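Next up is a structure, given as structure tokens.
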């Protein structure tokens with residue numbers, strides 16, 4: 001692979017938004033490293049020259065570094081990271097267990113931080129490193145009581161993205177959090193079947209725009225909604 005060919009890592013890439021984002025970049029000529037917890041590989045991801053399947057589990061603190069290492073070994077460098085992996089636990093702040101709260105924080109904050117840290121030298125070296133965090137409109141507001149703990153973790157995702165943006169700005173790193181509302185994925189599709197949800201391919205288009213924008217275009221947050229709310 002030529003050193004000018006760009007490389008992106010996408011976590012939670014087996015399905016939903018992660019798969020759509022990875023495919024968008026692959027279709028645009030990028031090399032893609034897919035972070036996947038189980039052996040559920042997208043049907044299109046068969047090009048062994050431009051696609052790497054990496055093991056990634058946000059609840060396993062060793063997989064971020066090993067996935068980054070395998071990506072560098074295979075492609076030689078890293079230009080961008082998309083932290084997409086997520087979980088949904090819908091309980092109020094009193095009823096949620098300590099383990100469930102820890103899982104939300106581990107998946108949405110601690111693991112993405114470890115992933116970006118592991119890839120940091122590569123992102124700095126390229127002079128235009130990009131980090132995209134997949135947050136939620138729950139990063140901006142608490143929708144109801146049962147989405148409260150999820151919102152706590154996603155508010156922190158937003159803060160993490162801003163922290164990365166400040167830390168990496170002088171090195172050409174730009175970080176953005178995409179804050180979607182209801183996206184048509186298997187995690188939420190059954191919750192509101194009557195709603196015309198945002199297709200994951202549209203989130204992929206937003207991610208591609210962010211990653212391919214020049215250093216002079218720094219966008220910290222992008223809310224995306226499929227319906228009219230008071231502020232979003």
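Filter segment 192-223 for residues that are modelled with pLDDT of 95 or more and assigned to a strand (DSSP E or B); which is farthest from residue 170 (Cα to Cα)?
Across segment 192-223, the extreme among qualifying residues is 222.
Here's something else I'd like to know. Does residue 19 fit the bill of being surrounded by 23 or more Cβ atoms within 10 Å (Cβ to Cβ) and over 20 Å from residue 117 (Cβ atoms)? Spell out the reasoning first.
Numbers: surrounded by 23 or more Cβ atoms within 10 Å (Cβ to Cβ): yes; over 20 Å from residue 117 (Cβ atoms): yes.
Yes.
Residue by residue, here is whether (1) assigned to a helix (DSSP H, G or I); (2) modelled with pLDDT under 95; (3) in contact with a strand residue (DSSP E or B) (Cβ under 6 Å, 6 or more places away or on another chain) holds:
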position: 133; (1), (2), (3): no, no, yes
position: 138; (1), (2), (3): yes, yes, no
position: 141; (1), (2), (3): no, yes, no
position: 150; (1), (2), (3): yes, no, no
position: 153; (1), (2), (3): yes, no, no
position: 156; (1), (2), (3): yes, no, no
position: 161; (1), (2), (3): yes, no, yes
position: 165; (1), (2), (3): yes, no, yes
position: 170; (1), (2), (3): yes, no, no
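Among the residues of segment 172-186, is any modelled with pLDDT of 95 or more, in a helix (DSSP H, G or I) and surrounded by fewer than 24 Cβ atoms within 10 Å (Cβ to Cβ)?
No, that holds for no residue.
Being more than 20 Å from residue 177 (Cα to Cα) and assigned to a strand (DSSP E or B) narrows it down to one residue among 8, 53; which is it? Write out each step before concluding.
On the way: 8 fails: more than 20 Å from residue 177 (Cα to Cα).
The match here is 53.
Quick check on segment 24-37. Is at least one of its residues exposed (fewer than 15 other Cβ atoms within 10 Å of the Cβ), out of contact with any helix residue (DSSP H, G or I) (no Cβ under 6 Å at 6 or more places or on another chain) and under 21 Å from residue 154 (Cα atoms)? Write out each step before concluding.
Narrowing segment 24-37 to residues exposed (fewer than 15 other Cβ atoms within 10 Å of the Cβ): 27-29.
Checking the rest, the ones that are also out of contact with any helix residue (DSSP H, G or I) (no Cβ under 6 Å at 6 or more places or on another chain) come to 27-29.
Subset that is under 21 Å from residue 154 (Cα atoms): none.
No, there is no match, as no residue in segment 24-37 is exposed (fewer than 15 other Cβ atoms within 10 Å of the Cβ), out of contact with any helix residue (DSSP H, G or I) (no Cβ under 6 Å at 6 or more places or on another chain) and under 21 Å from residue 154 (Cα atoms).
Pick from 94, 41: which is part of a loop (DSSP other than H, G, I, E, B), free of Cβ contacts under 8 Å to residues at least 40 places away in the same chain, touching a strand residue (DSSP E or B) at 6+ places or on another chain (Cβ under 7 Å) and surrounded by fewer than 23 Cβ atoms within 10 Å (Cβ to Cβ)? Steps first, please.
Numbers: 94 fails: touching a strand residue (DSSP E or B) at 6+ places or on another chain (Cβ under 7 Å).
Only one candidate passes the filter, namely 41.
For the condition touching a helix residue (DSSP H, G or I) at 6+ places or on another chain (Cβ under 9 Å), in a loop (DSSP other than H, G, I, E, B) and surrounded by fewer than 22 Cβ atoms within 10 Å (Cβ to Cβ), what is the one hit in 87, 109? Give the steps one after another, and end with the answer.
Numbers: 109 fails: in a loop (DSSP other than H, G, I, E, B).
Only one candidate passes the filter, namely 87.
The values are calculated or read from the model by the stated rules, or taken from the named source; none is laboratory data. Predicted model, so just to flag it, every value in this text is computed and none were measured. Positions of Cβ are backbone-derived with ideal geometry, glycine not excepted, and every protein chain shown enters the neighbour counts.
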